[in-house]
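Single-structure report; data block below.
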Amino acid sequence: MKLYKLLLSGALALSALSMSAADAKEWKTVTITLEGAYAPWNVTNPDGTLGGFEPELAAYLCAQMKVECKLVASDWDGMIPALNAGKFDVIMDALSVTEERKQVIDFSIPYANTHAGFATQKDSPLANAAGTGSVLKLTPGQTGVAEVEAMKTAFKGKTIGIQAATVYAKFIYDNFGSIATVREYKTGAERDLDLESGRIDLAFDDAVYFGTTFEKANGALVFTGPEFGGTIFGIGEGLGLRKADTDLKAMFDKAITAALADGTVKTLSMKWFKTDVSP
């Protein structure tokens with residue numbers, strides 16, 4: 001009986017191994033989604049192609065992996081459900097790696113790590129708030145920070161624009177939702193237009209994203225108050241993948257490691273952000 005059980009156990013193990021090998025996907029083509037409207041991370045070119053930091057990094061990663069990658073644009077707020085529904089294989093859209101998101105998707109190792117900050121009109125009375133030009137490092141759930149409390153006083157009763165379903169939206173609701181009006185936008189570009197025209201007082205978003213926004217506004221918009229870093233928004237930006245695709249995650253992890261080691265991430269950072277965002 002013991003011998004039978006041992007043989008049966010071995011047969012089942014071999015069967016499971018065989019099924020696993022049969023079920024493993026051979027990745028020849030990978031579909032990556034980007035917003036196509038979050039410059040300079042990613043942008044839609046006049047000819048309809050996708051350009052920017054992430055599409056160029058994706059080209060390097062896919063060459064390293066020896067797979068063909070197809071880039072497609074999709075709406076930011078529906079990306080994670082669409083990924084799990086199988087509409088594409090990877091999210092590459094300045095997606096912050098957070099514990100909350102890890103409950104529903106997996107992530108590659110980070111390929112970037114950036115700060116966030118407030119923007120306002122250059123001539124606004126809210127410009128040059130205390131701490132402008134500095135970086136404040138925060139951890140998740142941290143409260144009672146003097147600089148944040150000072151900004152609450154300065155921004156009380158104002159309207160803050162955010163892009164919906166982002167880690168930055170959560171930060172604003174958690175810290176400023178009780179003292180300011182928070183207005184959500186489907187895209188950052190829509191929000192930026194309202195900021196420039198004075199329909200909102202402040203905007204909060206990724207700092208390198210705002211760099212491009214400020215250029216488009218010809219200096220009419222500026223940072224105000226400190227930029228925020230640390231682990232408050234997660235450990236950096238990574239690729240979002242389905243939890244089942246562990247082999248694809250391993251492939252991207254290896255390629256990202258190579259891109260960091262040989263300076264590709266730094267080179268593309270300097271090209272698109274004018275600063276090194278390597279994690």
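The angle between the Cα long axis of helix 2-23 and the longest principal axis of the Cα atoms of the chain comes to about 50 degrees, rounded to the nearest 10. The residue list Leu241, Ala220, Val72 was ranked by how far each Cα lies along the charge dipole of the chain toward its positive end, using unit charges on Cβ atoms, and Leu241 comes out on top. Between the range 141-160 and the range 193-254, the alpha-carbon centres lie 20 Å apart. Annotation: the chain has a Kirkwood hydrodynamic radius of 20.4 angstrom, from the mean reciprocal C-alpha pair distance.
The trypsin sites (Lys or Arg not before Pro) found in the range 182-264 that occupy coil by DSSP, while having at most 13 further C-beta atoms within 10 Å, are Arg199, Lys243. Kirkwood analysis of the Cα pair distances in the range 148-279 returns a hydrodynamic radius of 16.9 Å.
What do you get for the angle between helix 246-261 and the principal long axis of the chain? Use alpha-carbon atoms, 0 to 90 degrees, nearest ten. The angle comes out at about 50 degrees. Note on the range 31-165: lysine pairs with Cα distance below 20 Å, sequence gap of 8 or more or different chains, count 6. GluC sites (Glu not before Pro), restricted to the range 34-139: which are DSSP loop and have at most 13 other Cβ atoms within 10 Å? Of the GluC sites (Glu not before Pro), the ones in loops of the range 34-139 whose Cβ has at most 13 other Cβ atoms within 10 Å are Glu99, Glu100. Segment Lys70..Glu99, full-extension length gain: 7.6 nm, with 0.36 nm per residue of separation and the alpha-carbon distance subtracted. Please identify the trypsin sites (Lys or Arg not before Pro) of the range 57-88 that satisfy two criteria: DSSP loop assignment and at most 10 other Cβ atoms within 10 Å. Which are they? Those satisfying the criteria are Lys66. Note on the chain: with charges restricted to the Cβ of Lys and Arg (+1) and Asp and Glu (-1), its dipole about the Cα centre is near 700 debye. When the label point is put 7 Å from the Cα of Thr231 along its Cα-to-beta-carbon vector, which residues of the range 119-161 have a backbone N closer than 13 Å? Of the residues in the range 119-161, 138-142 have backbone N under 13 Å from the label point off Thr231. Placing +1 on the Cβ of every Lys and Arg and -1 on the Cβ of every Asp and Glu, with nothing else charged, gives the range 220-279 a dipole about its Cα centre of roughly 80 debye. In order along the range 91-105, the phi-based Karplus estimate (6.51 cos²θ - 1.76 cosθ + 1.60, θ = phi - 60°) of 3J(HN,Hα) comes to 9, 9, 8, 6, 7, 5, 7, 10, 5, 5, 5, 5, 6, 10, 9 Hz; Gly and Pro are listed as x. Around the amide H of Phe228, modelled in the peptide plane, lie the amide H atoms of Ala116, Gly117, Leu136, all under 5 Å away and 5 or more residues distant in sequence or on another chain. The angle between the Cα long axis of helix 53-65 and the main principal axis of the chain comes to about 10°, on a 0 to 90 degree scale.
Every read-out reported here was derived from the displayed coordinates using simple, explicitly stated rules and does not represent laboratory data. In this text, all values refer to a predicted model and were calculated from it rather than measured experimentally. Positions of Cβ are generated from backbone atoms using ideal geometry, with glycine treated the same way; all protein chains shown enter the neighbour counts.
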